[in-house]
1. Can you give the % of DSSP beta bridges in chain A that are antiparallel, to the nearest 5?
2. With an 8 Å cut-off on Cα pairs and a minimum separation of 6 or more residues, tell me the relative contact order of segment A:78-192 in percent.
3. With the Cα gyration tensor of segment B:71-206 giving a ≥ b ≥ c as the square roots of its eigenvalues, does the rule (a/c under 1.5 for rounded; else a/b larger than b/c for prolate; else oblate) give rounded, prolate or oblate?
4. Arranged from highest to lowest average of other beta-carbon atoms within 10 Å per residue, in what order do the peptides B:68-75, A:58-65 appear?
5. If neighbour count is taken as other Cβ atoms inside 10 Å, put A:H210, B:H268 in order from fewest to most.
6. Give the average, rounded to an integer, of partner chain Cβ atoms located within 10 angstrom of each Cβ in B:67-77.
7. Per residue Cα convex hull volume for the protein assembly as shown, in cubic angstrom?
8. What's the average, rounded to a whole number, of partner chain beta-carbon atoms within 10 Å of each residue's beta-carbon in A:262-271?
Protein chains: 2
Amino acid sequence: MDIHELEVLIAVAEEKSFSRAAKTLHRTQPAVSQAISRLETEIGEKLFDRSSKDGTLTQAGEVLLDYAQQMLNMRAAAQTAVKDLRELQHGKVTISANEHTVFYLLPVIEEFKKRHPLIKIDVRRGVASRIPKEIMARDVELGVISFKPADKFVRSHAVSVDELVLIVSPDHALAGKESVSIKDLGIETFIAHNAPSPYREQVISKFEKHSTKLNIAVEMPSLEAIKRLVELGAGVALVPKLTAQYEISRGQLAGLAVKEMKFERKLHIVYRRNGVLSHASKVFLKLATKMV
Amino acid sequence: MDIHELEVLIAVAEEKSFSRAAKTLHRTQPAVSQAISRLETEIGEKLFDRSSKDGTLTQAGEVLLDYAQQMLNMRAAAQTAVKDLRELQHGKVTISANEHTVFYLLPVIEEFKKRHPLIKIDVRRGVASRIPKEIMARDVELGVISFKPADKFVRSHAVSVDELVLIVSPDHALAGKESVSIKDLGIETFIAHNAPSPYREQVISKFEKHSTKLNIAVEMPSLEAIKRLVELGAGVALVPKLTAQYEISRGQLAGLAVKEMKFERKLHIVYRRNGVLSHASKVFLKLATKMV
DNA sequence: ATGGAAAGATAATTATTATTTATAATGTTC
DNA sequence: GAACATTATAAATAATAATTATCTTTCCAT
């Protein structure tokens with residue numbers, strides 16, 4: 001029971017004639033006869049009552065015709081479903097990012113959602129060091145990390161620059177200043193993130209270099225909690241600028257550059273080198289690299 | 001998008017491997033590769049992520065797989081539907097009969113329904129003279145008439161014998177008798193059916209032959225109404241025995257043979273000589289001829 | 001009835017399509 | 001990076017469906 005045979009069945013039933021059906025199908029009449037008789041031998045029933053020339057279906061023919069039409073409809077539906085996928089009428093983007101890098105994604109997601117509201121975006125929290133592995137294991141399609149991945153099977157694009165910013169409470173003495181020197185920070189109490197981060201070592205060595213005491217009063221695993229503590233005046237913190245931009249713009253926190261701490265880290269959006277990205281992800285990736 | 005290609009898609013998705021799928025399909029691995037790539041070029045999307053060996057579907061692959069499974073299910077459903085037809089799990093018998101002959105059908109239908117409760121029986125009222133035409137026009141598959149059809153394309157089987165019976169009210173003087181002579185009927189008032197019937201002429205000529213007055217007081221088009229009038233004592237009537245059997249057996253009417261009126265008419269069940277009878281109708285026909 | 005036209009069936013041939021065999025390329029794993 | 005496994009590709013073969021040609025049947029008209 002081939003789809004094409006079912007098409008012939010439908011054509012004959014519609015045209016009520018083998019030869020007319022042949023014309024509409026751009027086949028010859030024997031081709032139609034043979035297709036029908038193939039169907040008939042397969043299901044073991046006559047489909048048309050040959051005693052009449054008006055293409056009358058048998059009961060079996062009626063039953064099969066019904067299914068044939070449904071199957072053809074389904075095939076058409078399958079084709080439009082795939083087309084919809086291509087045209088981003090549905091689909092999914094899966095991204096892994098960590099607590100820092102996820103902030104970079106926010107404006108990209110916002111813009112993408114505006115353009116393709118029907119695409120689902122699934123951001124999951126990943127540990128930076130493991131994100132390339134997640135990519136390779138196809139757990140996610142895209143990842144955002146703050147280092148260029150070593151894995152040669154992972155391709156990456158630099159998409160944004162991440163720099164450290166000192167955040168202080170708006171009531172703090174430093175609030176309102178543009179920048180500050182490391183030496184001025186000896187008197188401050190710091191709230192630090194205790195996750196393994198490439199920044200951490202660099203910050204510590206910078207303070208040592210400037211013979212300034214780095215007084216870490218609190219260590220926390222949550223960036224969100226750190227920001228709240230700083231807001232309350234419990235201390236100051238050095239955080240990736242992207243993660244505090246929102247609060248700084250709203251005046252909930254004050255942000256200052258630390259003069260001697262100009263190291264920047266590029267954010268990379270990563271994906272499998274040889275993998276097949278979904279249309280949705282491809283478009284997301286393109287948007288991300290364009291929005292740098 | 002051929003059904004067989006969709007089967008390959010399903011097999012590969014299930015086995016998560018082209019070569020394993022090839023084994024279960026009893027094909028070689030290149031056959032599977034080619035079938036998939038045929039599908040891919042047709043829909044314009046990759047279906048599997050070849051960068052992995054674990055047969056991961058792309059989003060397009062997932063979407064198409066879903067439809068493929070539905071289509072195969074539908075094909076299986078079509079096959080069982082046709083099988084059901086064959087096994088009388090569903091289907092239809094269409095019969096045309098007139099007011100008289102339909103009574104013959106009752107016990108056949110009763111028995112058929114007992115054996116094949118899922119088959120629909122569609123009895124429609126036809127005018128005897130037109131029933132062969134209905135058969136030829138495929139409006140119905142079977143017909144019951146009280147004459148052998150002239151049309152050589154209509155095949156017929158004698159299935160029952162129809163004889164006239166005189167019905168009288170149970171209170172009537174004749175009630176309780178087995179039979180009566182025509183001469184004794186001159187004093188009776190008759191209620192007659194006014195549809196053109198082969199009996200009518202014969203009855204009239206019989207009465208003439210026996211020099212007995214046939215006093216038709218009422219003519220009606222409804223057998224049912226005639227029976228009710230007779231029941232009420234408004235007169236007597238000559239009706240086909242089959243049509244009054246029920247009332248006679250219940251004692252609502254008394255039935256008598258008229259001695260000189262022994263003409264019988266055979267009932268015939270008819271169908272197209274070269275036509276294709278549905279399974280259901282074939283079985284119905286067989287039962288009808290066996291139950292003679 | 002009889003002959004002709006039209007529709008469908010059948011047979012043989014041709015064309016198309018799918019499958020196999022053989023081999024190459026690619027990816028995975030240790 | 002070598003060995004293994006998996007998939008891709010090419011050419012040949014096999015299988016399948018289409019066409020052409022012909023025949024049979026049915027339907028109409030005379």
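Nothing in this text is a laboratory measurement; each read-out follows from the coordinates by a stated rule. Note that the structure is a prediction, hence the values are computed from the model and not measured. Cβ coordinates were reconstructed from backbone atoms using ideal geometry, including for glycine residues, and neighbour counts include every protein chain displayed.
1. Working: 21 of 38 bridges.
Here the antiparallel bridges make up roughly 55 percent for chain A.
2. Details: 99 pairs, mean separation 27.8, N = 115.
Normalised by residue count, the contact order of segment A:78-192 is 24 percent.
3. Values: a/c = 3.87, a/b = 2.25, b/c = 1.72.
Prolate shape, in that a/c is at least 1.5 and a/b is the bigger ratio.
4. Values: B:68-75: 17.6, A:58-65: 22.2.
Peptide ranking by packing, descending: A:58-65, B:68-75.
5. On the way: A:H210 15, B:H268 21.
Ordered from fewest to most neighbouring Cβ atoms within 10 Å, A:H210, B:H268 come out as A:H210, B:H268.
6. Working: counts 8, 3, 0, 5, 8, 1, 2, 6, 7, 2, 3.
Mean partner-chain Cβ count within 10 Å for B:67-77: 4.
7. Working: hull volume 139.9 nm³, N = 584.
Hull volume over Cα atoms, normalised by residue count, gives 240 Å³.
8. Numbers: counts 0, 0, 0, 0, 0, 0, 0, 0, 0, 0.
For peptide A:262-271, the averaged partner shielding equals 0.
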